[in-house]
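To keep things clear, I will list the structure first and then write my remarks on it.
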Ligand code: MF3
Ligand code: CO
């Protein structure tokens, strides 16, 4: 069952998302080459306490941390570690969710540490633009197939690949609610959107192949090509004429 949120619930989700976006923005500025991913996690925990929000990922299906920090060929679900050091030339994605007044928000952002090559710059731009295009398709009466199609078509045209093994999701009191929000599809197919639905849209984009593998830690998802990949995510609420980006 897809839960429709009332205007009051959306207000709370907007507050949740605003706090999340603020913390993530600060984290992006905090990150430096030479830091461990665990230090970034610690800084996030400090800021969550300050803002009185609860991490949404910690303990979710047994996930052991508050952030997912994925470097280079790692796509999603990288577990912060003391011995994982961020270095110049890395692509780093931080995926982060919080709970505020009972409502979750979820967001991911990928960025470069220092100098990166042209292909990586292109990949980052394509990831960002894919999410932007997907969000533009969201409105009452549109289909999730329209949203997925817009991502897939654009990414393919730019020479990259859309991961199909992982998808976006509905979100609210639970981090993952119905429906699934695939980053692929056909126009006019899938769930028809209604006002008050809240969705986490999260394109995951790889190079050379859409295949992914899971590392020995049982969590970290890596590109089978071993090449850097990107992940961008926003939580949005469907409105009559478009959508509201809640993680702004
Ligand atoms: N943003 C991701 C998602 O929506 C990460 C959460 S998975 C967790 O699926 F298990 F790590 F919490
Ligand atoms: Co998500």
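State whether one or more residues within the range 38-56 are within 14 Å of ligand 1 (Cβ to nearest atom) and assigned to a loop (DSSP other than H, G, I, E, B). Steps first, please.
Looking only at the range 38-56, we keep the residues that are within 14 Å of ligand 1 (Cβ to nearest atom), and these are 41, 44, 54-56.
Okay, now just the ones that are also assigned to a loop (DSSP other than H, G, I, E, B), so 56.
Yes, because at least one residue in the range 38-56 is within 14 Å of ligand 1 (Cβ to nearest atom) and assigned to a loop (DSSP other than H, G, I, E, B).
Checking the structure you have, find out if any residue of the range 217-224 is modelled with pLDDT of 95 or more, under 29 Å from residue 121 (Cα atoms), over 14 Å from the mean Cα position of the chain (by Cα) and within 11 Å of ligand 1 (Cβ to nearest atom).
yes
Mind listing whichever residues of the range 92-110 are more than 15 Å from the chain's Cα centre (by Cα) and assigned to a strand (DSSP E or B)? Even if it seems obvious, please write down each step before you answer.
Filtering the range 92-110 for residues more than 15 Å from the chain's Cα centre (by Cα) gives 99-103.
Answer for the range 92-110, where residues must be more than 15 Å from the chain's Cα centre (by Cα) and assigned to a strand (DSSP E or B): 99, 100, 103.
Of all residues in the range 61-83, which are within 18 Å of residue 165 (Cβ to Cβ) and part of a helix (DSSP H, G or I)?
The first filter runs over the range 61-83 and keeps only residues within 18 Å of residue 165 (Cβ to Cβ), leaving 61, 63, 68, 70, 73-78.
Correct list: 61 only.
Tally time: how many residues in the range 123-143 are under 23 Å from residue 110 (Cβ atoms) and touching a residue at least 12 places away in the same chain (Cβ under 8 Å)? First the steps, then the outcome.
So the first thing to find is which residues in the range 123-143 are under 23 Å from residue 110 (Cβ atoms), and the list is 123-138.
Remaining after also requiring touching a residue at least 12 places away in the same chain (Cβ under 8 Å): 123-124, 126-131, 133-138.
Residues that pass the stated criteria total 14.
For the range 1-37, which residues satisfy the criterion of being over 19 Å from residue 79 (Cβ atoms) and part of a loop (DSSP other than H, G, I, E, B)?
Scanning the range 1-37 gives 1, 2, 3, 4, 5, 6, 32, 33, 34.
So that you can scan it fast, the table gives a plain yes or no per residue for (1) closer than 25 Å to residue 215 by Cα; (2) free of Cβ contacts under 8 Å to residues at least 12 places away in the same chain; (3) crowded, with 17+ Cβ neighbours inside 10 Å:
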position: 1; (1), (2), (3): no, no, no
position: 9; (1), (2), (3): no, no, yes
position: 17; (1), (2), (3): no, no, yes
position: 31; (1), (2), (3): yes, no, yes
position: 75; (1), (2), (3): yes, no, yes
position: 80; (1), (2), (3): yes, no, yes
position: 97; (1), (2), (3): yes, no, yes
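Quick check, is residue 86 in contact with a helix residue (DSSP H, G or I) (Cβ under 8 Å, 6 or more places away or on another chain) and surrounded by fewer than 23 Cβ atoms within 10 Å (Cβ to Cβ)? Lay out the reasoning, then the answer.
On the way: in contact with a helix residue (DSSP H, G or I) (Cβ under 8 Å, 6 or more places away or on another chain): yes; surrounded by fewer than 23 Cβ atoms within 10 Å (Cβ to Cβ): yes.
So residue 86 passes the test.
Consider the range 164-179. How many of its residues are within 12 Å of ligand 1 (Cβ to nearest atom), assigned to a strand (DSSP E or B) and in contact with a helix residue (DSSP H, G or I) (Cβ under 8 Å, 6 or more places away or on another chain)?
The number of residues fulfilling the criteria is 0.
Farther than 17 Å from residue 26 by Cβ and within 16 Å of ligand 2 (Cβ to nearest atom), is that true of residue 127? Give the derivation first.
Details: farther than 17 Å from residue 26 by Cβ: yes; within 16 Å of ligand 2 (Cβ to nearest atom): yes.
Judged against the criteria, residue 127 is a match.
Which condition number in (1) assigned to a strand (DSSP E or B); (2) surrounded by 19 or more Cβ atoms within 10 Å (Cβ to Cβ) is the one that residue 127 fails?
Of the numbered conditions (1) assigned to a strand (DSSP E or B); (2) surrounded by 19 or more Cβ atoms within 10 Å (Cβ to Cβ), the odd one out for residue 127 is (1).
Is one or more of the residues making up the range 55-76 closer than 19 Å to residue 230 by Cα, modelled with pLDDT of 95 or more and over 19 Å from the mean Cα position of the chain (by Cα)? Can you show your working first?
First pass over the range 55-76, keeping only residues closer than 19 Å to residue 230 by Cα: 67-76.
Then drop every residue that is not modelled with pLDDT of 95 or more, which leaves 67-76.
Narrowing the set further to residues that are over 19 Å from the mean Cα position of the chain (by Cα) leaves none.
Checked the range 55-76: no residue is closer than 19 Å to residue 230 by Cα, modelled with pLDDT of 95 or more and over 19 Å from the mean Cα position of the chain (by Cα).
Within 16 Å of ligand 1 (Cβ to nearest atom), touching a helix residue (DSSP H, G or I) at 6+ places or on another chain (Cβ under 7 Å) and closer than 17 Å to residue 235 by Cβ: does that describe residue 67? I'd like the intermediate steps shown before the answer.
On the way: within 16 Å of ligand 1 (Cβ to nearest atom): yes; touching a helix residue (DSSP H, G or I) at 6+ places or on another chain (Cβ under 7 Å): yes; closer than 17 Å to residue 235 by Cβ: yes.
Yes.
The values are calculated or read from the model by the stated rules, or taken from the named source; none is laboratory data. Bear in mind the structure is a predicted one, so any value in this text is a computation, not a measurement. Methodologically, a virtual Cβ is constructed for each residue, glycine included, from the backbone with ideal geometry; neighbour enumeration extends over all protein chains shown.
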